[in-house]
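Worksheet: the structure to be examined is printed underneath.
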Amino acid sequence: MSSEIEKIKSVQNDAWSSLRVFTAARIALGRAGVSMPLKESLQFKMAHAHARDAVFSVLDENGLINALEIIHQQYFLLYSKANDRNEYLHRPDLGRRLDNDSTNQLETYTTKEFDVAVVIADGLSATAINVHAIPVFKLLKEKFIASNISFAPVFIVKEGRVAIADQIGALLKCKLSLILIGERPGLSSPDSMGAYITYEPKPGLTDESRNCISNIRPEGLNYQTAADKIFFLVRESLRMKLSGVKLKDNTSLLQG
């Protein structure tokens with residue numbers, strides 16, 4: 001009997017465990033008897049806790065503003081119609097539109113018709129934005145300036161969803177909107193940032209009108225690679241006057 005108990009207690013490694021060096025996904029966890037090993041069970045609970053924390057993380061407005069001021073970048077601080085995080089999570093529609101004060105700010109802003117409106121929004125992981133948004137924007141700013149692509153002041157949006165960039169781009173009469181936004185956190189990626197590009201932005205557009213670059217973070221798509229892909233799509237979108245399913249990311253082909 002004791003030998004049977006010891007067998008159940010011992011952890012049996014999975015035959016595919018060598019594949020874990022290639023991914024953070026939860027594969028080849030092994031087993032203890034008929035159950036998951038205690039270590040893996042605890043790590044799952046910790047990953048789940050990190051994901052929940054990311055959803056309720058708070059946008060570091062001051063940190064973002066300070067970072068933009070250091071590089072002498074103009075900005076607007078805007079808010080969606082969602083009054084708080086709870087309302088944001090229960091009413092996705094409110095996160096897609098600016099509140100009245102923010103709308104008025106853009107309507108009365110006299111300089112319009114830029115090539116690109118750059119939006120930074122918390123989305124479902126403010127943690128991702130607090131950490132990754134500014135490094136990627138700095139790289140993009142250099143590329144835009146070198147290519148004579150004009151861009152509006154950066155718009156920092158609290159409690160924002162992807163589609164809020166459509167309204168911002170339309171109000172500023174920009175040719176294209178680019179939003180950097182915190183993605184829905186996964187069990188191995190609570191700090192993943194996404195980028196969405198939309199040509200001729202306006203309220204009411206749906207996802208087939210956008211191009212998405214996902215998993216921007218050091219453990220996923222690194223800053224330089226992400227900036228290169230975003231810039232390629234922005235440049236091609238402006239050249240071809242379209243975005244979404246008709247616009248393809250051919251950067252890998254160009255590099256080959």
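Structural remarks
- Extreme residue, nearest to residue 170 (Cα to Cα), among residues of region 200-240 that are at pLDDT 90 or above and exposed (fewer than 12 other Cβ atoms within 10 Å of the Cβ): 204
- Considering 19, 29, 59, the condition of being at pLDDT 75 or above and either assigned to a helix (DSSP H, G or I) or surrounded by 11 or more Cβ atoms within 10 Å (Cβ to Cβ) (or both) is satisfied by 59 alone.
- Failed item, numbered, when residue 72 is tested on (1) on the phi < 0 side of the Ramachandran plot; (2) assigned to a loop (DSSP other than H, G, I, E, B); (3) modelled with pLDDT of 95 or more: (1)
- Pairs where the first residue, in region 210-226, is assigned by TED's automatic domain parsing to the domain that holds residue 250 and hydroxyl-bearing (Ser, Thr, Tyr) and the second is surrounded by 15 or more Cβ atoms within 10 Å (Cβ to Cβ) and part of a strand (DSSP E or B), C-beta under 6 Å, 6+ apart: 214/194
- Number of positions in region 178-209 that are within 14 Å of the chain's Cα centre (by Cα) and closer than 23 Å to residue 114 by Cα: 8
- Counting only residues that are surrounded by fewer than 11 Cβ atoms within 10 Å (Cβ to Cβ), in a helix (DSSP H, G or I) and among the hydroxyl-bearing types (Ser, Thr, Tyr), region 79-120 holds 0 of them.
- Pairs meeting the criteria (first residue in region 122-135 and in the same structural domain as residue 69 (by TED's automatic domain parsing), second residue of a type in the set (S, T, N, Q), beta carbons under 7 Å, at least 6 apart or on different chains) are 125/57; 125/192; 126/57; 127/57; 128/192.
- Checking 168, 149 one by one, the residue that is buried (at least 24 other Cβ atoms within 10 Å of the Cβ) and assigned by TED's automatic domain parsing to the domain that holds residue 241 is 168 and no other.
- Selection within region 113-149 - more than 18 Å from residue 214 (Cα to Cα) and touching a helix residue (DSSP H, G or I) at 6+ places or on another chain (Cβ under 8 Å): 115, 116, 117, 143, 144, 147, 149
The values are calculated or read from the model by the stated rules, or taken from the named source; none is laboratory data. Bear in mind that the values here come from a model prediction, so they are computed numbers and not experimental data. Virtual Cβ from ideal backbone geometry, glycine too; neighbours counted across all protein chains shown.
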